[in-house]
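Reviewing the structure listed below.
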Amino acid sequence: MNVLEENIAEFKTDFPKSWSFLWSPEDAEKISEEHKDQIYFLNKKGTEIVKEYLNSSKMLGYSTGTDWSPFTKDYFKTENKFQVYENCDSEIKKWLYNLGIPFDKYVFVDSDNSGQAIMLTWKMVIKYWEGMFWDTDLTIFDGSLNWALYYYHESQLFFGKDNIFDQEAEYDKNLEQNKLLNEIKNRINNI
């Protein structure tokens, strides 16, 4: 577990009173307690921290051309795509499962329809994929930044893994991330 994962739960808040990946507030209220215990919507500060952390990684760069990708060119060694289509429930769950991410691994969503960042287990991503991969671009990643799943609103999923090490870029990224992680610790200590 890294510092982001250890401390971001301090910024959890109630489930939103607006639509989210869990659909309406009434639908969200009906999910099991077991599932609720694996989903943390984050307050405004927590959402800002997750967005800043993701931005500091420089992983999103939207390459151009015929082989479009949301990821910065040469950020990941491996990239895979999946076209989301109607009635693809079993295929998409199998594809997500085969990415090899442990079910109990906590991951981050930069924001969903609610506008809030979310920390949840990979199992919940697979369970509630329909609400996530619906109409809003979003990024799902873990605290190591070694992989990311990007949903593009035109029904495409992009998965990148095994980031490529560039010493100069990595140094700049680490400086920015360490600054942000120190800010997180200071914010938590001042609560």
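The values are calculated or read from the model by the stated rules, or taken from the named source; none is laboratory data. All figures in this text were calculated on a predicted structure; none of them were measured in a lab. Don't worry about glycine lacking a Cβ; one is built from the backbone with ideal geometry, like all the others, and counts go over all protein chains shown. Remember, those area values only see protein heavy atoms, side chains included, never the ligands or the DNA or RNA. Shrake-Rupley method; radii C 1.70, N 1.55, O 1.52, S 1.80 Å.
Just to be sure, is residue 152 closer than 18 Å to residue 15 by Cβ, of a type in the set (Ser, Thr, Tyr) and open to solvent by 30 Å² or more (accessible area, probe 1.4 Å)? Before you say what the answer is, go through the steps one by one.
Values: closer than 18 Å to residue 15 by Cβ: no; of a type in the set (Ser, Thr, Tyr): yes; open to solvent by 30 Å² or more (accessible area, probe 1.4 Å): yes.
No, not satisfied.
Among the candidates 99, 157, 175, 181, single out the residue that is of a type outside the set (S, T, N, Q) and open to solvent by 80 Å² or more (accessible area, probe 1.4 Å).
175
Grab the helices (runs of 4 or more DSSP H) fully contained in region 75-191, keeping just those with 1 or more residues being farther than 23 Å from residue 47 by Cα and of a type in the set (Phe, Trp, Tyr).
Details: elements: 89-97, 122-127, 129-132, 167-189.
In region 75-191, the matching helices (runs of 4 or more DSSP H) lie at 89-97, 167-189.
Rundown of residues vs (1) under 26 Å from residue 189 (Cβ atoms); (2) among the aromatic types (Phe, Trp, Tyr); (3) in a loop (DSSP other than H, G, I, E, B); (4) without any contact (Cβ under 8 Å) to a residue 24 or more places away in the chain, yes/no style:
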position: 7; (1), (2), (3), (4): yes, no, no, no
position: 10; (1), (2), (3), (4): yes, no, no, no
position: 18; (1), (2), (3), (4): no, no, yes, no
position: 26; (1), (2), (3), (4): no, no, no, yes
position: 31; (1), (2), (3), (4): no, no, yes, yes
position: 34; (1), (2), (3), (4): no, no, no, yes
position: 40; (1), (2), (3), (4): yes, yes, no, no
position: 47; (1), (2), (3), (4): yes, no, no, no
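Scanning region 109-139 for residues that are touching an Asp or Glu at 6+ places or on another chain (Cβ under 8 Å) and polar (S, T, N, Q), which turns out farthest from residue 37 (Cα to Cα)?
Across region 109-139, the extreme among qualifying residues is 136.
Could you list all residues from region 2-42 that are open to solvent by 20 Å² or more (accessible area, probe 1.4 Å), within 27 Å of residue 146 (Cβ to Cβ) and either touching a strand residue (DSSP E or B) at 6+ places or on another chain (Cβ under 8 Å) or hydroxyl-bearing (Ser, Thr, Tyr) (or both)?
Start the filter on region 2-42 by keeping residues that are open to solvent by 20 Å² or more (accessible area, probe 1.4 Å), which leaves 2-3, 6-7, 9-10, 12-15, 17-19, 23, 25-27, 29-38, 40.
Applying the additional criterion that residues be within 27 Å of residue 146 (Cβ to Cβ) yields 2-3, 6-7, 9-10, 12, 35, 37-38, 40.
Correct list: 9, 12, 38, 40.
Residue check: is residue 79 of a type in the set (D, E, K, R) and either in contact (Cβ under 8 Å) with a residue 12 or more places away in the chain or open to solvent by less than 60 Å² (accessible area, probe 1.4 Å) (or both)?
So residue 79 passes the test.
Quick check, is residue 144 modelled with pLDDT under 95, of a type in the set (Gly, Ala, Ser), farther than 23 Å from residue 5 by Cβ and open to solvent by 10 Å² or more (accessible area, probe 1.4 Å)?
The answer is no for residue 144.
Restricting attention to region 7-62, which residues are within 16 Å of residue 142 (Cβ to Cβ) and among the aromatic types (Phe, Trp, Tyr)?
Across region 7-62, the qualifying residues are 40, 53.
For residues in region 108-133 being in contact with a Lys or Arg (Cβ under 9 Å, 6 or more places away or on another chain), among the charged types (D, E, K, R) and over 17 Å from residue 4 (Cβ atoms), which is most open to solvent (accessible area, probe 1.4 Å)?
127
When only residues in region 46-58 that are in contact with a Lys or Arg (Cβ under 9 Å, 6 or more places away or on another chain) and over 17 Å from residue 120 (Cα atoms) count, which is most open to solvent (accessible area, probe 1.4 Å)?
58
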